[in-house]
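Let me begin by presenting the structure, written as structure tokens, before commenting on it.
The values are calculated or read from the model by the stated rules, or taken from the named source; none is laboratory data. Just so it is clear, the structure is predicted and the values come from calculations on it, not from any experiment. Glycine also receives a Cβ, built like all others from the backbone with ideal geometry; neighbour counts cover every protein chain displayed. Note: accessible area is taken over every heavy atom of the protein model, side chains too, but ligands, DNA and RNA are not part of it. Shrake-Rupley method; radii C 1.70, N 1.55, O 1.52, S 1.80 Å.
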Amino acid sequence: MSSEWRVQKISSLGEFDRGKSKHRPRDAAHLYGGPYPFIQTGDVTNSDGRITSFRQTYSEAGLAQSRLWPAGTLAITIAANIAETAILTFPACFPDSVVGFTADTAKADVRFIEYLFQAMRKQVKSHAYGSAQENINLEVLRKLEFPIPPLPLQTKIADYLSLIDDRIALLRETNATLEAIAQALFKSWFVDFDPVRAKMAGRTPEGMDEATAALFPDGFETSELGEVPRGWRVGMIGDFAQLKKGSVNPGSQPEATFEHFSLPSFDAGQRPIFERGDSIKSNKTPVTPDAVLLSKLNPHIPRIWLPVECGSNAVCSTEFLVFVPIGIGSRELIYCAFSSPDFIARLQQLVTGTSNSHQRIKPDQVALMSSVVPTADVARAFEAAAKPIFQKVFANRAQVQTLTTLRDTLLPRLISGQLRVGEVPAVEHA
């Protein structure tokens, strides 16, 4: 670390204060529903570093017992999820469980301070207290000291790390678009039956070559699910997706490395974690290369995972159901069927349990859900059309993983001054 770096308190680099909500009973409806965004800890945790949307607002009365932080404020959680951070892209109010930092632009780059908190999260959390729910005192945060470089160097480090984060964000946006394209294709073929309707009207199905169009009938027949394309049938999910069962005890192979597909790793960007067997404390379900994972926990939060590839020691949480293709099925068909709004809505009707936080579906009921089953030729044509889309998704996901690993490796070294920006690889070559 250069002698230019000085140990300083964050509170000396700008305004650093609690969110402020003097009187906020949860049933005080007059405080809510106005024009002022109200950001809470969950919004910060789920924002991926930038708060671009909100779920709740304050009214004039709500604002009167709070305060409006300006765009560019760094929001820092001090309860539940300690030291999670995100930068406001619009003015907003906070509750007491969120601290705001507004940088003095002559002293600090707010992006550097955010990266500093990311790098020092473990250290900051060590000052938390409380067993049921962790909290950290604002005064403790104010007294914490960190090595801080001069402003130009803060900006240089933040520019470099932001470039990596921007590329990751772009790749994720691209993948969301690609998945939307695959879903739109599934809906057109298997929900709206657009090719059939086009042929009935004497038109060529839009965007479809002659050979593929020939696979679709030019009429419907009545079924228990309403009209279905002639020659197709009403069946079950189990006609093209088979539930695989089994159990693995990773602890019995303490030195082996397992590719672990867990709910937290799904929520963290669909990146399986590689762990030693002795660090996995419960039995898991084996995952095969042709698997599609469907979470049975809280189906109102859809978690459907199409793994890029699996090694021989791939396992998943028992909260995931493992389905593989059978009959006319393919991974692409199963994934798109499970991701469709109609399937998710019907899945929620299968839950057991009264608590919203722990509702589960019974595994065997999924395969029994009714479904329109196309002919094998149409199913194969869909697989051929969707596979290249998902191969691009997989490639982007792998690139995201490479960039994330690079960012996570360099972040603590750049923030601590162990590395200079000139000593790290250019992002375009990463």
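Given a 1.4 angstrom probe, I'd like the percentage of the accessible area of region 254-350 that is carbon and sulfur, rounded to a whole number.
Carbon plus sulfur share of accessible area: 53 percent.
Cα gyration tensor of region 59-108, axes a ≥ b ≥ c as square roots of the eigenvalues: rounded (a/c below 1.5), prolate (a/b > b/c) or oblate?
Verdict is oblate for region 59-108.
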Relative compactness, the chain, computed as alpha-carbon Rg over 2.2 N^0.38 Å: 1.17
Surface per residue (accessible, 1.4 Å probe) for the chain, Å²: 48 Å²
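Applying 1/(1 + (r/R0)^6) with R0 = 22 Å to the Cβ-Cβ distance of residue 192 and residue 380, what FRET efficiency is obtained, to the nearest 0.05?
Numbers: r = 20 Å, r/R0 = 0.92.
Given R0 = 22 Å and the Cβ-Cβ separation, E is 0.60.
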Gain in span if fully extended, residue 211 to residue 274, counting 0.36 nm per residue against the direct Cα distance: 18.3 nm
Candidate aspartates and glutamates for bridging to residue 156, where Cα separation is under 19 Å - those fewer than 8 sequence places away on the same chain excluded: 4, 104, 109, 114, 165, 166, 408, 423, 428
Mean Cβ neighbour count within 10 Å, used as a protection proxy, ranking 189-198, 309-318, 273-282 highest first: 189-198, 309-318, 273-282
Cut-off under 5 Å, modelled amide H: who pairs with residue 316 long-range: 261, 285, 287
Eligible aspartates and glutamates near residue 107 by straight Cα distance, threshold 13 Å, same-chain separation 8 or greater: 15
Spin-label model distance (nm) - residue 419 vs residue 184, 7 Å beyond Cα toward Cβ: 3.9 nm
By average C-beta atoms within 10 angstrom, highest first, the peptides 344-351, 420-427, 86-93: 86-93, 344-351, 420-427
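Can you flag which of 199/245; 122/392; 187/392 are past 32 Å Cα-Cα? Show your work: numbers first, answer last.
Working: 199/245 42 Å; 122/392 35 Å; 187/392 20 Å.
Exceeds cut-off: 199/245; 122/392.
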Fully extended contour minus Cα-Cα distance, from residue 392 to residue 176, at 0.36 nm per residue: 76.6 nm
Relative contact order (percent, whole number), the chain, Cα cutoff 8 Å, 6+ residue spacing: 14 percent
D (Stokes-Einstein, µm²/s), Kirkwood Cα radius, region 160-270, 1.002 mPa s at 20 °C: 113 µm²/s
Efficiency of FRET between residue 80 and residue 401 - r from beta-carbon atoms, R0 30 angstrom, step 0.05: 0.60
Per DSSP, loop GluC sites (Glu not before Pro) in region 178-266 with at most 14 further Cβ within 10 Å: 206, 224, 255
Percent of C-alpha pairs per 10 Å bin, region 278-411, short to long: 10, 34, 35, 17, 3, 0
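Report the semi-axes of the equivalent ellipsoid for region 8-102 in whole Å, largest first, where each axis is √(5λ) for an eigenvalue λ of the Cα gyration tensor. It would help to have the intermediate numbers written out before the result.
On the way: eigenvalues 88, 38, 31 Å².
The answer is 21, 14, 12 Å, longest axis first.
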Listed peptides 42-52, 136-146 by packing density, highest first (mean Cβ within 10 Å): 42-52, 136-146
√(5λ) per eigenvalue of the Cα gyration tensor, region 114-221, largest first, Å: 58, 21, 8
Computed over region 276-348, Kirkwood Rh from alpha-carbon pairs, angstrom: 13.2 Å
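What is the antiparallel percent of DSSP beta bridges lying wholly in the chain, to the nearest 5? Don't skip to the answer; put the middle values down first.
Values: 51 of 57 bridges.
Roughly 90 percent of the DSSP beta bridges within the chain come out antiparallel.
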FRET efficiency, 1/(1 + (r/R0)^6) with R0 25 Å, evaluated for residue 143 and residue 3 via beta carbons: 0.55
Per-residue HN-Hα couplings for region 299-308 [Karplus 6.51, -1.76, 1.60; θ = phi - 60°; Hz; x = Gly/Pro]: x, 6, 10, x, 10, 10, 10, 9, x, 5
Relative contact order [Cα under 8 Å, 6+ residues apart], region 284-430, whole percent: 21 percent
